[in-house]
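*Asks:* Have a look at this one.
The numbers here are math on the coordinates, done by the rules we state, and not lab data. All values derive from a computational prediction rather than experimental measurement. Every residue, glycine as well, gets a Cβ built from its backbone with ideal geometry; the counts of neighbours run over all protein chains shown.
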Amino acid sequence: MASRLKLSPDGLKVLWPQPADDPNDPQNWTDFRKTVHLIIITMSAVVPDFDSGIGIASIFSLAQTYDTTSGVINDLTSNWSIFLLGWGGIFWVMLMRRYGRLPVLFWSQLFAFAFLVGATLAPNLATFAGMRCLTAFFGQVVTGLYVVTDIFPFHLQARKLNIWTSGFVISPFLSPFVFGFLVARASWRWAYAIGSIYSAIVLFLIAFFMEETMYDRHLALKPLQISTGLRYRFETLIGVTGHKMAKYRPRWPEVLVASLDVAWRPQFFFVVFFEALVFGFSIGVNTTNVVFMGSSPPVGFGFSQYAVAGAYATPIVAVLLGEFIGRYVNEFIMDLHIRKNGGFFEAESRLWTCYLAMPLYICGFLTLGAGIQNLNEAALIIGWGIAFVAITLNTVAVYAYCNDCFPRRAGEVSALLNFARSVGGFAVAYFQVPWATKSGALMVFGVETAQVISLDALEESDDFYRLVIGMFFIAVPMTQLKGSYFR
C-alpha cells in the first residue's frame, strides 16, 4: 500500500489529500495556476477590512461632513461594520458547502462592491452607516482557508495560510496609510471611490481568472459535464453548476449545524477564545489609535493628517515581518515535531509558535500604552510594531492548528475564527479611549495584556485581569496536553 502512495516532488513527504487520477483535481494543478488562485484569494481577503479601514482615515472628515463628532462616527459606522464582518462569514460558508467556492465569492463581492459605491455617494449619515454595514456583511467571505486546503497538500498549507492570513491582518492598516494622505487634501468620498475601484479590480480577477476549487473527492463516479467552454465557465461563475451539484453534497440540516458542531469542541473553543482576545484588542488599537494620534494633548499627540497616515506604515511593516518570521518558524516546528514523532504529525505542535508570540505581544502592548500615556512617539511606533509582529505569528498558528484539527471543516473553522476576532474587537473602541482618558493608556494596555501596572489597576479590573491572564495558560498548554484526547 505504501508503494502506491503519491509523494511530494522531493520524495520526502506523503501528499495529503492524495491527488486523484484526474486532471480536474485542484491538487494536480500546476504551481503557477495555484499561485494565481492564492494571489486572488489573498486580494479578496484584503477587501472587507480594507473597506472598513477607509473610515479610520476619513473619521474627522466624516464628522465634519455630517456635523457630528469622531466618537459618533466610530460608534455608528466603524464598530458596527466590524461586528457584521463576523456574522457575514458564518452565513456565506453555509452556501459554499452546497454551491461551491467560486459563485458565492463572486456574488458576495459583487454586492459588497455595490454597497461600497452606495457609501461613497451617501447623502446623509444614516445612509452612509447602512451602506458601510452592508458592505462589511457581504464582503467578508471566508473563502481563503477553503481554497488553500482545496489546492495545496498538507505540508504546504501552513506556509500558504501565512500569506493569506497576512492579507487580512495587514488590510485594516493599508487604507488608513494610503488614504490618510489623500483625505488631507481631498474629500473623503475620493477615498471610498478608490476603495470601490480596488473592489472592482478584485471582482474582475475573480470573474475572469479564478476557477472552482471545490472537488467532490468523495464521489466515486463524477457526474458528466454537460456544458463546456465559455458556457461552462459562465454557469460555474453564477452558480448554475453549483446548483446542479448540490444534490451530491451535504444536506441543509448538516450545513446549518456544521459551525455549531465545530464551535463546542474543547480543542477548538479554548484556543479560539484566546485568539479572540488577542486579535480583538488589535482591532481596538486600529480604530482608536487614530483618535489618540489626531486628538490634541493631553488626550493625544496632536498629529497632523499626514503624520497619522505615515504612522500607519508601522503595522504594515510589522505584519510583513511577522509573515516572514512565521513562515520559517512554523515549518521548522512542523519538521522538528515530525522527526521526533516517528514521521507522524500531531496538530498540537502548531501551538508552540504562541509561546514565541505572547512575550512579544505583552512587550508591544505595554510599550504602546506607555507611549500613548506619556506622548512618546518612539514608544508608540516601537510598541505598535512589536505587538503586530506577535499578533501575526499567533493568528497563523491558531488558524493552522484549527485547520489541522478539522480538515473537513475548513470553511466553518475560518468563519468561526473570523467571527471570534470580530466580536472580540468591535466593542473595544467603545471603552478604550474614555478609559485611557480617565486612567491612563498604560493601565489600559497593561490590563488588556494581563499585566497589572499598579494596585489601583488590579482593584479596578480584577475580574478582567484574571480572565485574560488565565486564557493563554489555560488554552495553549491544556490544549497541547489534552488536544489529542479531545480529538
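*Asks:* Quick check for you: which residues of the range 81-107 have the amide N under 13 Å from the point 7 Å beyond the Cα of Ile238 toward its beta carbon?
*Replies:* Backbone N within reach: 107.
*Asks:* Apply 1/(1 + (r/R0)^6) to the Cβ-Cβ distance of Ile201 and Ala313, taking R0 = 25 Å, and write down the FRET efficiency to the nearest 0.05.
*Replies:* Efficiency, rounded to the nearest 0.05: 0.65.
*Asks:* Rounding to the nearest 20 debye, state how big the charge dipole of the chain is about its Cα centre with +1 on each Lys and Arg Cβ and -1 on each Asp and Glu Cβ.
*Replies:* Charge dipole, the chain, about its Cα centre: 1440 debye, nearest 20.
*Asks:* Given the DSSP H assignment, sum -39500 (n - 2.57) over each helix run of at least 4 residues in the chain and divide by its residue total; what's the result at 222 nm in deg cm²/dmol, nearest 500?
*Replies:* Using -39500 (n - 2.57) per qualifying helix, the result is -25000 deg cm²/dmol.
*Asks:* Taking 0.36 nm per residue of separation and subtracting the Cα-Cα distance, what length does fully extending Val299 through Thr68 add?
*Replies:* Result for the pair: 81.2 nm of gain on full extension.
*Asks:* Tabulate in residue order the Karplus-calculated ³J(HN,Hα) for the range 378-389, using 6.51 cos²θ - 1.76 cosθ + 1.60 with θ = phi - 60°, rounded to whole Hz; enter x for Gly and Pro.
*Replies:* 5, 5, 4, 5, 5, x, 4, x, 4, 4, 7, 4
*Asks:* At q = 0.13 Å⁻¹, what base-10 log of I(q)/I(0) does the Debye formula yield for the range 52-109 when every alpha carbon is treated as an equal point scatterer in vacuo?
*Replies:* -0.48
*Asks:* Still on this structure: What stretch of the chain, leaving out the sites themselves, is the longest with no chymotrypsin sites (Phe, Trp or Tyr not before Pro) in a DSSP loop having at most 14 other Cβ atoms within 10 Å?
*Replies:* By the stated rule (loop sites, at most 14 other Cβ atoms within 10 Å), 1-263.
*Asks:* Relative to the longest principal Cα axis of the chain, at what angle does helix 125-139 sit, 0 to 90 degrees, rounded to 10?
*Replies:* So the helix axis and the longest Cα principal axis differ by about 30 degrees.
*Asks:* Extent of the range 281-406 along each principal axis, from alpha carbon coordinates, in Å, largest to smallest?
*Replies:* 60, 22, 22
*Asks:* Semi-axes of the range 135-220's equivalent ellipsoid from the Cα gyration tensor, sqrt of 5 times each eigenvalue, largest first, rounded to whole Å?
*Replies:* Working through the eigenvalues yields semi-axes of 33, 16, 10 Å.
*Asks:* Over all directions, how big on average is the projection of the convex hull of the alpha-carbon atoms in the chain, in square nanometres?
*Replies:* Averaging across all directions leaves 23.3 nm² for the Cα convex hull.
*Asks:* Right, here's the next one. For the range 128-182, restrict the atom set to alpha-carbon positions and state the Rg and Dmax in Å.
*Replies:* Looking at the range 128-182, its Cα Rg and Dmax stand at 15.0, 45 Å.
*Asks:* Looking at the calculated P(r) for the range 165-295, what percent of the C-alpha pair distances fall above 25 Å?
*Replies:* Percent of Cα pairs beyond 25 Å in the range 165-295: 58.
*Asks:* Let me ask you something else. Taking 22 Å as R0, compute the FRET efficiency from the Cβ-Cβ separation of Ile194 and Leu320 and round it to 0.05.
*Replies:* For Ile194 and Leu320, the calculated efficiency is 0.50.
*Asks:* So how compact is the range 356-411: Cα radius of gyration and Dmax in angstrom?
*Replies:* 15.2, 49
*Asks:* For the range 226-349, what size does the Cα cloud have along each of its three principal axes, sorted from largest down, in whole Å?
*Replies:* Principal-axis extents of the Cα atoms in the range 226-349, largest first: 66, 48, 32 Å.
*Asks:* Can you pull the one-decimal nm distance between simple spin-label points at Ile39 and Asp22, each 7 Å off the Cα toward Cβ?
*Replies:* 2.8 nm
*Asks:* Helix 31-57 against the longest principal axis of the chain: what's the angle in degrees, Cα atoms only, rounded to the nearest 10?
*Replies:* That helix lies at roughly 20 degrees to the long axis.
*Asks:* Round to a whole angstrom and tell me the spacing of the C-alpha centers of the range 103-150 and the range 64-95.
*Replies:* Here the answer is 11 Å between Cα centres.
*Asks:* Right, another one. Among Pro172, Gly342, Thr69, which residue has its Cα positioned farthest towards the positive end of the charge dipole of the chain, with +1 placed on the Cβ of Lys and Arg, -1 on the Cβ of Asp and Glu, and the dipole taken about the Cα centre?
*Replies:* My answer, from the dipole projection, is Gly342.
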